[in-house]
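> Following this message is one structure expressed as structure tokens.
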Amino acid sequence: KRLDQFPQQLTDAVLSIEDERFYGHYGLDPIAITRAIFVNLQSGEYAQGGSTITQQLAKNLFLDPQRNLKRKIEEAYSAILIETAFSKDQILGFYLNEVFLGQEGRFAIHGFGEAAKSFFGHEVEGLTLSESAILAGMIQAPTKFSPRRFPEKAKERRDIVLAKMEQRGKITSAERAAAEKEPIK
């Protein structure tokens, strides 16, 4: 699907929770990288990532999942190359079609189209605000935040996404409150 075929509330949810400065950086976000380094040094472990959507796309398409310095450098270089070859809307569209969102038995669920059908039984165009926030929240840890396996954790994560969307002015407080009341089905 092209970016304009995804619901705006879904793209707003993804950008709010994954890369709020997506349209303002060139594949790497120095602010997010600095924040992640600070948080990780403070906690003494890998607690937060600083990857942009473009870096995540590069990793998912071209690189192995290992977390090491060599891979991070390759990821950064690949992200810059992607940014020079494609528009921001194309990159976001690729990401929304490709991102890993869980397993269905032996089959991996890639992209929000497959995820909407798998988790909610309808096309991506029919996602509610609550469902969009649930799926966007799953990106960080698809198994941990699966609405099927862990509905309470999915609800908590959904509410974090909704709060970020309200904070960024993408939804109103009334829309947030209504979405938070929607049960996880």
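> Amide H neighbours of G102 under 5 Å, at least 5 residues apart or on other chains, H built in the peptide plane: list them.
It is I109, by chain and number.
> What is the sum of charges around Q55, taking Lys and Arg as +1, Asp and Glu as -1, for the other residues whose C-beta is under 11 Å from the C-beta of Q55? It would help to have the intermediate numbers written out before the result.
On the way: positive: K59, R71, K72; negative: E18, D19, D29, E74, E75, E83.
Charge balance in the 11 Å sphere: -3.
> Okay, next question. Under the classification rounded if a/c is under 1.5, otherwise prolate if a/b is larger than b/c and oblate if not, where does the stretch 124-185 fall, given a ≥ b ≥ c as square roots of the Cα gyration tensor eigenvalues? All intermediate terms of the calculation are to be shown ahead of the outcome.
Values: a/c = 1.72, a/b = 1.56, b/c = 1.10.
Because a/c hits 1.5 or more and a/b exceeds b/c, the stretch 124-185 counts as prolate.
> Excluding residues fewer than 8 places away in the same chain, name every one of the aspartates and glutamates whose C-alpha is closer than 19 Å to that of K1.
D12, D89, E98, E114, E123, E125, E131
> How large is the convex hull of the C-alpha atoms of the stretch 28-185 per residue, in Å³? Walk me through the intermediate numbers first.
Working: hull volume 21.8 nm³, N = 158.
It comes to 138 Å³ per residue, whole-number rounded.
> Sort the stretch 73-148 into rounded, prolate or oblate with this rule: let a ≥ b ≥ c be the square roots of the eigenvalues of the Cα gyration tensor; rounded if a/c is under 1.5, and if a/c is not under 1.5, prolate when a/b is larger than b/c, oblate otherwise. Before the final figure, lay out the partial values.
Details: a/c = 2.35, a/b = 1.71, b/c = 1.37.
Prolate shape, in that a/c is at least 1.5 and a/b is the bigger ratio.
> Please report the relative contact order for the chain, taking Cα pairs under 8 Å with a sequence separation of at least 6, and give it as a percent rounded to a whole number.
Details: 236 pairs, mean separation 40.8, N = 185.
Dividing the mean separation by the residue count of the chain yields 22 percent.
> Something else about it: Taking θ as phi - 60°, what are the ³J(HN,Hα) couplings along the stretch 105-115 by the Karplus curve (6.51, -1.76, 1.60), each to the nearest whole Hz, with x for Gly and Pro?
Per-residue couplings from phi come out as x, 7, 9, 7, 9, 10, x, 6, x, 5, 5 Hz.
Taken together, the values in this text are just the output of simple stated rules run on the coordinates, not laboratory data. As the structure is a computational prediction, the values presented were derived from the model and not from experiment. We place every Cβ from the backbone using ideal geometry, glycine too, and count neighbours over all the protein chains shown.
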